[in-house]
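What follows is one structure encoded as C-alpha cells, with my remarks underneath.
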Amino acid sequence: MANSKTGAQRPLSPHLQVYRPTITMTMSIVHRITGAALYFGTLLLVGWLLAAASGPEAFDMAQAMFGSWFGLLVLVGFTWALIHHTFGGIRNLVMDTGAALGPGVREAWGWATIVGSIALTLVLWVAAFAFGFVG
C-alpha cells in the first residue's frame, strides 16, 4: 500500500516483476518489434526499387548487397517479420471479435503464430533456393 498526502491507503499497481511472462505477453512485444522491423525493411525495399530505376550500375550494387550472406540474412529476417506480423494481426483480429480468449486457446494461438511463421519462412526460402530465385 502506498501513502498519499492525505494518509489514505491505496494499492500499488503490479509491475513486470510481479507478473510471470506468458506467451500472450511475448506475442504482444514481438508484434511491436516486427512492426518496427517492417518499417526499416520497407525502406530497404524502396532503396532496392530506386536502385532498379536508377540504372544497371546502381541495381548491380544493390543486388550484390542483398545477395551477400548478410543481405540474405536481412531478407530472411524481413520475410519472417512480415509473416509473423501478419499471423499476429490475424490472431489479434480473431481475439478482437471476442473469440479465442480462453487461456488454452489463447496460448495455442500464440504458439501457432510462432511455429507457423518460422515454418512458412523456411518453406518460402527453401523453395526460393530450390527454384533458383536465390543463389
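General observations
- Build a GNM of the chain with springs between Cα atoms under 10 Å apart, and of 22, 121, 79 the one that fluctuates most is 22.
- Sequence ranges 24-32, 98-106, ranked by mean other-Cβ count within 10 angstrom, highest first: 24-32, 98-106
- Sequence-distant contacts, meaning Cα pairs under 8 Å at least 6 residues apart, place the relative contact order of the stretch 40-135 at 25 percent.
- Extending 7 Å from the Cα toward the beta-carbon at both residue 24 and residue 54 defines two label points whose distance is 4.8 nm.
- Angle in degrees between helix 23-54 and the longest Cα principal axis of the chain, rounded to the nearest 10: 30
Readers should treat all values here as calculations from the given coordinates under stated rules, not as data from a laboratory. Quick caveat: nothing in here was measured; it's all calculated off a predicted structure. Cβ coordinates were reconstructed from backbone atoms using ideal geometry, including for glycine residues, and neighbour counts include every protein chain displayed.
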